[in-house]
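Student: After the structure tokens below, expect a handful of questions from me.
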Amino acid sequence: MLNFKGKFVIIYMYERKINVKKKKLIAFLLVASLMLTGCGSVATLKNGEEVIAKLNGKSITAEDLFDELKLQGGASVLTNMIDEFIVNKEIKTDDDAKSYAEAQLNSYKQSYESYGQDFKAALKSAGYDGEDDFKDALITEYKKQMVTENYVKDELTDSEIEKYYNDNIFGDIEARHILISPNTDDDMSDEEKEEAEDKAKKEAEDIIKKLDKGEKFADLAKEYSDDEGTASKGGKLTVTHGAVVEEFWDGVNDLKDGEYSKEPVKSEYGYHIIYRIKQKEKPSLEDSRDEVIDDLVQEKISSDTTLQTKALVALRKKYDLEISDDKLKKSYDDLVSASLTTSSN
């Protein structure tokens, strides 16, 4: 079974393949029209329409074919052409874009190769001429991400920024901790795992009792902690919001300076006993504004998958997009509406 990235590239390539097939179909049919009408001689009806195919009782004109193609993916092909032009105008192909494409390409190659699949064959099947063609598509996707982020930044309000700052920005906390990890493995039964959990919790509770009797936190951390990175330092560490599991942050943030946990704090790593030394001063909004904006943008994009569609629609309006063909305009409107509806579900 492919991992997430493997699944993504298959979906991505499949969607690209559909678009490429549509383009190839149009080109093929245009060539076929010449062949069907006799080595380049063009048959026409009385109203001037070019006939591209005939059979008993039926003539198919170029206009008939074009109308049908408009309904079968024409709006999608047109939109891709428009968006590629726009994002290339908005975002330069700089080293960041190239590095992103190269890293993504290598990641996808590794995903395929790890499952013994032929990446070159997959690219060809998806309609790409090779790795350079695929990287060009990845660069375009990168630029779409950038214009989406810029769109979200422009939509942010000062009140949103200030609220996020108040709720999510904290000064780092100097602390110590003792970690007691349950001794479990995948081969254990549920009952055995539960027993190991209970044993770890009981050990953590016993350590808290030792602290209550006046034993030094640093000495107990060196003796009992399963955190190899901090045990030799008496459990000392600097705790940054967002860089530790939520349970640990809540545990240390709820303490006052000089206090330790009266109950073990459970996380995915086991049971923690936490001692809070002191908290550094919270950085100012001015100093942390860029961080706040970046976090807010990523939070909004993660929670609202319609934002890229909204960003691209806004850019098309900025570039004064007009679709003069009524059928194609309806198909385009339906495509945008479907994208927004599908993304929001």
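Student: For region 221-259, what are the residues that are within 30 Å of the chain's Cα centre (by Cα) and hydroxyl-bearing (Ser, Thr, Tyr)?
Tutor: 238, 240
Student: Out of contact with any helix residue (DSSP H, G or I) (no Cβ under 6 Å at 6 or more places or on another chain) and over 30 Å from residue 324 (Cβ atoms), is that true of residue 128?
Tutor: Criteria not met by residue 128.
Student: Exactly one of (1) in the same structural domain as residue 240 (by TED's automatic domain parsing); (2) among the aliphatic types (A, V, I, L, M); (3) assigned to a loop (DSSP other than H, G, I, E, B) is unmet by residue 323. Its number?
Tutor: Unmet for residue 323, out of (1) in the same structural domain as residue 240 (by TED's automatic domain parsing); (2) among the aliphatic types (A, V, I, L, M); (3) assigned to a loop (DSSP other than H, G, I, E, B): (1).
Student: Is it fair to say residue 59 is among the hydroxyl-bearing types (Ser, Thr, Tyr), more than 22 Å from the chain's Cα centre (by Cα) and either crowded, with 18+ Cβ neighbours inside 10 Å or more than 30 Å from residue 311 (Cα to Cα) (or both)?
Tutor: yes
Student: Just checking, does region 252-272 include any residue being touching an Asp or Glu at 6+ places or on another chain (Cβ under 7 Å) and closer than 30 Å to residue 145 by Cβ?
Tutor: no
Student: Additional query: Taking region 226-278 as the search range and keeping residues that are among the small types (Gly, Ala, Ser) and assigned to a loop (DSSP other than H, G, I, E, B), which one is modelled with the lowest pLDDT?
Tutor: 242
Student: From the set of residues in region 161-183 that are within 33 Å of the chain's Cα centre (by Cα) and assigned to a loop (DSSP other than H, G, I, E, B), which is nearest to residue 236 (Cα to Cα)?
Tutor: Among residues in region 161-183 that are within 33 Å of the chain's Cα centre (by Cα) and assigned to a loop (DSSP other than H, G, I, E, B), the one nearest to residue 236 (Cα to Cα) is 172.
Student: Turning to a different aspect of this structure: Under 9 Å between Cβ atoms, at least 6 apart or on separate chains: pull out the pairs that start in region 283-303 with a residue that is under 12 Å from residue 161 (Cβ atoms) and end on any residue that is surrounded by 15 or more Cβ atoms within 10 Å (Cβ to Cβ) and among the acidic types (Asp, Glu).
Tutor: The qualifying pairs are 294/149; 297/149.
The values are calculated or read from the model by the stated rules, or taken from the named source; none is laboratory data. Note that the coordinates shown come from a computational prediction; the quantities given were computed from them, not determined experimentally. Note that each Cβ is placed from the backbone with ideal geometry, even for glycine, and that neighbours are counted across all protein chains shown.
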